[in-house]
């Protein structure tokens with residue numbers, strides 16, 4: 001239940017949906033909940049960031065597309081996790097990277113195509129690499 005509460009940030013409707021999805025597999029455990037919401041793939045988002053910062057934009061984009069289309073991670077979750085990965089990376093240009101993420105988050109929020117925007121985000125993050 002704690003994992004559901006942490007993930008939904010107080011959105012009861014979303015919490016109920018996650019609980020129903022987790023319950024459909026039998027026992028509701030933390031690992032089942034994490035699997036249902038895609039939290040097991042947060043490490044992969046860190047890998048996407050590393051690939052982008054290393055200038056491997058095509059590999060980063062392929063991994064991002066896999067997370068969204070194969071594993072069902074939402075675009076907003078991808079942005080949330082890449083934001084967290086930037087903080088964890090202790091990068092030199094933290095402010096610039098966070099501004100870039102915020103810019104693309106806003107573009108998606110106002111209705112721009114998420115796949116195109118996330119691909120552009122990864123391309124722009126390459127300029128912050130080594």
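A short reminder: the numbers here are calculations on the coordinates, not readings from a lab. All figures in this text were calculated on a predicted structure; none of them were measured in a lab. We place every Cβ from the backbone using ideal geometry, glycine too, and count neighbours over all the protein chains shown.
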Put in order of increasing Cβ neighbours within 10 Å, starting from the fewest, 53, 67, 109 give 109, 53, 67
By count of other Cβ within 10 Å, fewest leading, how are 63, 80, 90 ordered? 90, 80, 63
Would you list 13, 107 from fewest to most Cβ contacts within 10 Å? 13, 107
Gain on full stretching of the segment that runs from residue 27 to residue 11 - 0.36 nm per residue minus C-alpha separation: 3.5 nm
For the chain, what does -39500 (n - 2.57) per DSSP helix run (n ≥ 4), summed and divided by total residues, give at 222 nm, in deg cm²/dmol to the nearest 500? -21500 deg cm²/dmol
Angle check, please: helix 42-53 long axis (alpha carbons) against the longest principal axis of the chain (alpha carbons), in degrees 0 to 90, nearest 10. 10
Given (i) 1.11; (ii) 1.77; (iii) 1.68, the label whose value is Cα Rg over 2.2 N^0.38 Å derived from this model: (i)
